[in-house]
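Colleague: Sharing a structure here in structure tokens format.
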Amino acid sequence: MLRLAGGPVDLAAVNTALTPGVFSREKAEAQLPKLAARLDELQERLFAAARGGDSRRRVLLVLQGMDTSGKGGTVRHVVGQLDPNGIRVTAFKAPTEEERAHDFLWRIRNALPAAGEIGIFDRSHYEDVLIARVRKLALPMVIGKRYQLINRFEQSLVADGAVLVKCFLHISPQEQSKRLLARLDDPRKLWKYNPGDVDERALWPEYQEAYRIALEKCSAEDAPWYVIPADHKWYRNYAITRLLVEALERIDPVYPQGGFDVEVERKRLLAV
């Protein structure tokens, strides 16, 4: 229900306050313990299949969205359900001097999850066709080539055993305003407020257009985008948990067999 179909994307037509597939918050939250248990089991199987076997399978969760859309909240509430030994979280900020000395995908490659891991990108390689486009940090011709490079890069990840879960956390400008004001109104949240967010907010139409283009150009059959209505934090968390469970179920990782005779080892253990 959240997966983008092929063809034109109209973000303005998406009601960011809807909760597709869920009738009530109570029902969604009642399902979360079962989903969390399933997620925990599948993550362990994924990790074991790589560490105890030769599986190359891994998952990469990409989180994109306007400021306050909930990328950090997703990491805390959804990724917090996972075993930290099997995850790798990267929050991409403005490129460092070293990163600018390489192509834009260099720092992304360095942060990819290993086999058996779940990687989480808080912002990602898409910043180089989003803020770079809006802020004119690169020539249009350069940005145009980046879409193709991103598609090839993601296809190479899929070919190497990765499952991509790309989520655009879609909020309304009204909800963003409410969340920014909440930070100003609460002394405990002032540290989260960035005056630069207001400057970015003034470019809302430009960012929506940049997202539209990126979603249209970089949504493939095996690397699709999911548009998550994110005005309700509880729905955002529920939807992404479901997507992670479904991604792992598609992999269906299997516990590896031990490279030893179980009965022989049992006798040896009991004899000591």
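Colleague: Among residues other than residue 143 whose Cβ falls under 10 Å from its Cβ, what is the net charge (Lys/Arg +1, Asp/Glu -1)?
Modeller: Values: positive: 133, 136, 145, 146; negative: 128.
Value of the local net charge: +3.
Colleague: Continuing with the same structure: Using Cα atoms only, what is the angle between the long axis of helix 262-271 and the major principal axis of the chain, expressed in degrees (0 to 90) to the nearest 10?
Modeller: Its long axis makes an angle of about 70 degrees.
Colleague: Another one. Per DSSP helix of 4 or more residues, -39500 (n - 2.57); summed, then divided by the residues of the chain. What does that give at 222 nm, rounded to the nearest 500?
Modeller: Here the helix-only value at 222 nm equals -15000 deg cm²/dmol.
Colleague: Let me ask you something else. Based on alpha-carbon centroids, what's the gap between the stretch 228-260 and the stretch 1-63 in Å, whole number please?
Modeller: First find each Cα centre; the distance between them is then 5 Å.
Colleague: Hey, another quick one. In terms of modelled amide H atoms, which long-range or inter-chain residues lie less than 5 Å from the amide H of residue 61?
Modeller: Correct list: 119, 120, 121, 165.
Colleague: Work through the residues other than residue 260 whose Cβ is under 13 Å from its Cβ and net out their charges, Lys, Arg +1 and Asp, Glu -1. Let's see the in-between values first.
Modeller: Working: positive: 266, 267, 268; negative: 261, 263, 265.
After counting each charged neighbour, the total is 0.
Colleague: I'd like the Karplus ³J(HN,Hα) series for the stretch 222-227: coefficients 6.51, -1.76, 1.60, θ = phi - 60°, whole numbers in Hz, and an x wherever there's a Gly or Pro.
Modeller: Values per residue, Gly and Pro as x: 9, 8, x, 9, 10, 9 Hz.
Colleague: Counting only heavy atoms of the protein chains, get the accessible area per residue of the stretch 145-272 (1.4 Å probe) and round it to a whole Å² value.
Modeller: 54
Colleague: Say a site is exposed when it is one of the trypsin sites (Lys or Arg not before Pro), sits in a DSSP loop, and has at most 16 other Cβ atoms within 10 Å; what is then the longest site-free stretch of the chain? Don't skip to the answer; put the middle values down first.
Modeller: Details: sites that count: 56, 93, 135, 136.
For trypsin sites (Lys or Arg not before Pro) (loop position, at most 16 other Cβ atoms within 10 Å), the longest site-free span of the chain is 137-272.
Colleague: Still on this model: Pop out the carbon and sulfur fraction of the accessible area of the chain as a percent, whole number, probe 1.4 Å.
Modeller: The nonpolar share, carbon plus sulfur, comes to 55 percent.
Colleague: Across the chain, where is the longest run that never hits chymotrypsin sites (Phe, Trp or Tyr not before Pro) in a DSSP loop with at most 10 other C-beta atoms within 10 Å?
Modeller: 24-259
Colleague: Return the FRET efficiency for the residue pair residue 5, residue 269: r is the Cβ-Cβ distance, R0 is 35 Å, and the value is rounded to the nearest 0.05.
Modeller: Numbers: r = 56 Å, r/R0 = 1.59.
Taking R0 as 35 Å, the efficiency between residue 5 and residue 269 is 0.05.
Colleague: With the cut-off at 29 Å, tell me which of the pairs 27/71; 27/217; 34/192 have Cα atoms farther apart than that.
Modeller: Values: 27/71 23 Å; 27/217 35 Å; 34/192 32 Å.
Over 29 Å Cα-Cα: 27/217; 34/192.
Colleague: Taking K and R as +1 and D and E as -1, what net charge do the other residues with C-beta under 13 Å from the C-beta of residue 44 add up to?
Modeller: Working: positive: 38, 45, 51; negative: 40, 41, 83, 117.
Counting the neighbours of residue 44, the net charge comes to -1.
The values are calculated or read from the model by the stated rules, or taken from the named source; none is laboratory data. Predicted, not measured: the structure shown is a model, and the values here were computed from it. We place every Cβ from the backbone using ideal geometry, glycine too, and count neighbours over all the protein chains shown. Please note that ligands, DNA and RNA were not included when accessible areas were found on the heavy atoms of the full protein model with its side chains. Shrake-Rupley method; radii C 1.70, N 1.55, O 1.52, S 1.80 Å.
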